1. At 18 Å minimum axial length over the Cα atoms and a Kyte-Doolittle cut of 0.0, report the qualifying DSSP H helices in the chain, or say none.
2. By average Cβ neighbour count within 10 Å, what is the ranking of 215-225, 230-240 from highest down?
3. For the chain, give the magnitude of the charge dipole about the Cα centre (Cβ charges: +1 Lys/Arg, -1 Asp/Glu; no others), in debye to the nearest 20.
4. If the only charges are +1 at each Lys and Arg Cβ and -1 at each Asp and Glu Cβ, what is the size of the charge dipole of region 130-222 around the Cα centre, to the nearest 20 debye?
5. How much net charge surrounds ALA193 when only the other residues with a Cβ under 12 Å from the Cβ of ALA193 are counted, with Lys and Arg +1 and Asp and Glu -1?
6. What are the residues whose amide H is under 5 Å from the amide H of VAL62, where those residues sit 5 or more places off or on another chain and H is modelled from the backbone?
7. Just to confirm a number: summing +1 for Lys and Arg and -1 for Asp and Glu over residues other than ARG26 whose beta-carbon lies under 15 angstrom from that of ARG26, what do you get?
8. Under the rule of at least 5 residues apart or a separate chain, name every residue whose amide H is placed under 5 Å from the amide H of VAL239.
Amino acid sequence: MQAFYIDRPPDGGQRFCIYHPAQGGRARGQILHLHPFAEELNKTRRMSALQARAFAAAGFDVLQIDLLGCGDSSGDFGDASWQAWIDDGLAGIEWLRRQADAPLCLWGLRAGSLLAVELARRLSEPVDLLLVQAPASGKVLLQQFLRLKLAAGLMDGDNKGLMAALRQSLAAGDTVEIAGYRLSAALAQGLEAATMLPPASCEGAPRLAWLELSSQPGAELTPVATQTLARWQQTGYRVDARCVLGPAFWQTSEIEIAPQLIEAGTAMLGQALPQATVTSP
């Protein structure tokens, strides 16, 4: 494991990275990890590290990058914009491509899934995707985040019109404070516009591995996920989607891990995906 910084002109800042080189010789592939949003990043650190190590042990180069204003990277969360995060993701891809010539996979967790999809649209080469607990859309994720402020208002007995006021502030270009995080209008607007729609076309039949978690054994994919995956299949992606048993570790009060998720993710990237199938236990 190697820890280092990537310089990010023109702002002059740096992005903290952790690189897990493939074990056992030549890399069979390269993986860029795109982390979740706000406090979910802190909740998922442990799981992301364990999954990255499992991928490296399976023969993949893995790069974890803290986006602008997140983790150990420079800047404040309030400085971040969706476009800046896209640019950081592209910088991470560029760094990986200089290390080896191997197939590329974008591994997104929660909001990172939206970012991975956006990057896939912008790349000229086919790229595989591993999306874990992907939200239905950026609009849904932003609404969930804003409700944290609404919940605080309920506790204080002053919630009337709070959501409308937040929306108005963001629409006016202001920064708002949510659960200890300063959310800029540029980040909120970019996140709200982000979708899980596939690229208009793709070549080379790239792979999409989709993972959801449930606390109930034998759970199936959500209807929204099934509809989303059907669109990706129609575009030409080879899809493997699974629902595995495990806690909602991105939102639990204590740091938790989901061993079955790690096993499933490693297995899905370590083998050829079946042609155009959506499966669930």
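1. 138-156
2. Per-residue Cβ counts within 10 Å, averaged per peptide and sorted highest first, yield 230-240, 215-225.
3. So the dipole magnitude of the chain works out to roughly 500 debye.
4. 120
5. Net charge around ALA193: -1.
6. Those lying under 5 Å, H to H, from VAL62 are HIS20, ALA22, ILE31.
7. Combined, the nearby Lys, Arg, Asp and Glu give -1.
8. LEU208, ALA276, THR277
Bear in mind that the values in this text are calculations on the coordinates, not laboratory data. Owing to the predicted nature of the structure, the values given are computational and were not obtained by experimental measurement. Neighbour counts run over all protein chains shown; Cβ positions are idealised from the backbone, glycine included.
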